[in-house]
């Protein structure tokens with residue numbers, strides 16, 4: 001059966017990039033602590049650089065978030081958030097987007 005009232009969203013991608021200044025250990029531990037508090041885990045590290053992801057699914061949508069922290073120089077770091085959303089827009093995915101925005105704001109506040 002086909003439901004015409006259901007709104008579908010094509011795969012949406014959004015990327016946020018910002019930079020942090022500081023020593024490697026301080027920046028990485030600060031980022032990991034903030035991300036861990038938001039439910040991210042399983043950090044794949046290579047030296048101080050790391051990536052992690054989180055996937056959230058509801059019955060009709062999937063939100064995947066990738067985070068990458070890379071040293072551009074010994075004192076300059078780039079943090080990239082990539083969000084991919086597939087499926088039907090739902091209250092659950094909207095709540096998770098708001099939660100991710102809070103994580104981004106928390107990391108950006110540490111930059112200032």
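Some notes on this structure:
- Scope the stretch 77-112; condition modelled with pLDDT of 85 or more, more than 17 Å from residue 40 (Cα to Cα) and in contact with a helix residue (DSSP H, G or I) (Cβ under 9 Å, 6 or more places away or on another chain); matching residues: 77
- Those strands (runs of 3 or more DSSP E) of the stretch 28-112 in which at least 2 residues are closer than 16 Å to residue 17 by Cβ, considering only elements entirely within it, cover 49-57, 61-73, 76-87.
- Residue 33 vs. criteria exposed (fewer than 10 other Cβ atoms within 10 Å of the Cβ), under 20 Å from residue 109 (Cα atoms) and without any contact (Cβ under 8 Å) to a residue 24 or more places away in the chain: no
- Qualifying residues in the stretch 44-53 (those that are more than 15 Å from residue 13 (Cα to Cα) and touching a strand residue (DSSP E or B) at 6+ places or on another chain (Cβ under 7 Å)) - the one surrounded by the fewest Cβ atoms within 10 Å (Cβ to Cβ): 44
- Hits in the stretch 54-81 (condition: closer than 20 Å to residue 94 by Cβ and surrounded by fewer than 17 Cβ atoms within 10 Å (Cβ to Cβ)): 55, 57, 58, 59, 60, 62, 64, 66
The values are calculated or read from the model by the stated rules, or taken from the named source; none is laboratory data. No experiment lies behind these values; they were computed from the predicted model shown. Cβ coordinates were reconstructed from backbone atoms using ideal geometry, including for glycine residues, and neighbour counts include every protein chain displayed.
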